[in-house]
1. Name the single residue that is most open to solvent (accessible area, probe 1.4 Å) among those in the range B:25-49 being more than 15 Å from the chain's Cα centre (by Cα) and more than 10 Å from chain A (Cβ to nearest Cβ).
2. Any idea which of B:Ser52, B:Ser3, B:Ser70 is of a type outside the set (D, E, K, R) and open to solvent by less than 60 Å² (accessible area, probe 1.4 Å)?
3. Considering every residue within the range B:97-109, establish whether at least one is under 27 Å from A:Leu46 (Cα atoms), more than 13 Å from chain A (Cβ to nearest Cβ) and out of contact with any helix residue (DSSP H, G or I) (no Cβ under 8 Å at 6 or more places or on another chain).
4. Taking the condition of being within 14 Å of chain A (Cβ to nearest Cβ) and not in a helix (DSSP H, G or I), how many residues in the range B:50-72 meet it?
5. I'm trying to understand the selection: among the residues of the range A:90-105, which are surrounded by fewer than 22 Cβ atoms within 10 Å (Cβ to Cβ) and not charged (D, E, K, R)?
6. Can you name the residue in the range B:73-98 that is exposed (fewer than 12 other Cβ atoms within 10 Å of the Cβ) and closer than 19 Å to B:Ala1 by Cα and is also nearest to the chain's Cα centre (by Cα) among such residues?
7. Give, as residue ranges, the strands (runs of 3 or more DSSP E) completely inside chain A that count at least 2 residues that are within 11 Å of another protein chain (Cβ to nearest Cβ).
Amino acid sequence: DTGVSQDPRHKITKRGQNVTFRCDPISEHNRLYWYRQTLGQGPEFLTYFQNEAQLEKSRLLSDRFSAERPKGSFSTLEIQRTEQGDSAMYLCATRGSGEQYFGPGTRLTVT
Amino acid sequence: AQSVTQPDIHITVSEGASLELRCNYSYGATPYLFWYVQSPGQGLQLLLKYFSGDTLVQGIKGFEAEFKRSQSSFNLRKPSVHWSDAAEYFCAVFPNSGGYQKVTFGTGTKLQVIP
C-alpha cells in the first residue's frame, strides 16, 4: 500500500455514458499525476497538477476528458461520452522526494 | 523528447536462475531513473531509483540496477529469481531539471518464472 488510493477499482460502463474516477493522494504530496495504461503497454502520461493548478496536459487528453483537483487535495478524472477505446487502467500517482507513488488504478471497461 | 526502450517484451527464467532486464533511455542529460514492478491488475510498485552518485543501486526484494552513462542504460538484475518475481517490469525516466514533469515509461518486460 503506497498511501495513494483510487476509487472505484473497477468500472464497467456502456459506450456513451460518463464516468468519474477519484484519486486520494498522500496528504503531504502537492504534485499529482494521471496516467493511462492499455494492455501490453507502459503507463502514458495524461495530466499533472501542482496543488490545484493543472500545469500539463497530454495530447492524449481529448476534449471528452477533464480533470480537477479542488483545494489541492483529492483529484477527479471524468470521461464524457465514453468510447470503447477508453477501456484501460487509469493510474494516479503523487510525487514525493523525487519518485512517484502510484495508486492501485481504476480499470475501465467500456462495452 | 525523452524515451525509454525495453527491448525484451517477454523473458522466461527458471526459479533460482539469475535475471537481467535491459533498459536504454534517450534524454539530453542524465535523468532520474526508476524500475517499477506491476503484478496483474495492480498498480506499480517502486523497486529502486537512481538520482546520482553510486551507479550501482540496491532496491527491494533483492533487486539491483546499474547505471551506465556511456551506454545510456539502466539494467535491472537479480542473482536468484523466486517464483513470486513473476510480474511485469517497467523502466522509467523523469527529468531532473525543469521541463516536463512526467515520468516516461518503457513498454515493459513480462517475466515468467518456471519451476
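1. Ranking the qualifying residues of the range B:25-49, first place goes to B:Pro40.
2. Result: B:Ser3 is the single residue among B:Ser52, B:Ser3, B:Ser70 that is of a type outside the set (D, E, K, R) and open to solvent by less than 60 Å² (accessible area, probe 1.4 Å).
3. The answer is no, given that none of the residues of the range B:97-109 is under 27 Å from A:Leu46 (Cα atoms), more than 13 Å from chain A (Cβ to nearest Cβ) and out of contact with any helix residue (DSSP H, G or I) (no Cβ under 8 Å at 6 or more places or on another chain).
4. Adding up the residues that qualify gives 7.
5. Answer for the range A:90-105, where residues must be surrounded by fewer than 22 Cβ atoms within 10 Å (Cβ to Cβ) and not charged (D, E, K, R): A:Gly96, A:Ser97, A:Gly98, A:Tyr101, A:Pro104.
6. Filtering the range B:73-98 for residues that are exposed (fewer than 12 other Cβ atoms within 10 Å of the Cβ) and closer than 19 Å to B:Ala1 by Cα, the one nearest to the chain's Cα centre (by Cα) comes out as B:Ser97.
7. The qualifying strands (runs of 3 or more DSSP E) are A:5-7, A:31-37, A:44-50, A:53-57, A:88-95, A:100-102, A:106-110.
The values are calculated or read from the model by the stated rules, or taken from the named source; none is laboratory data. Note that the structure is a prediction, hence the values are computed from the model and not measured. Neighbour counts are summed over all protein chains in view; Cβ atoms, including those assigned to glycine, are modelled from backbone coordinates with ideal geometry. Only protein heavy atoms, including side chains, enter the accessible area calculation; ligands, DNA and RNA are left aside. Shrake-Rupley method; radii C 1.70, N 1.55, O 1.52, S 1.80 Å.
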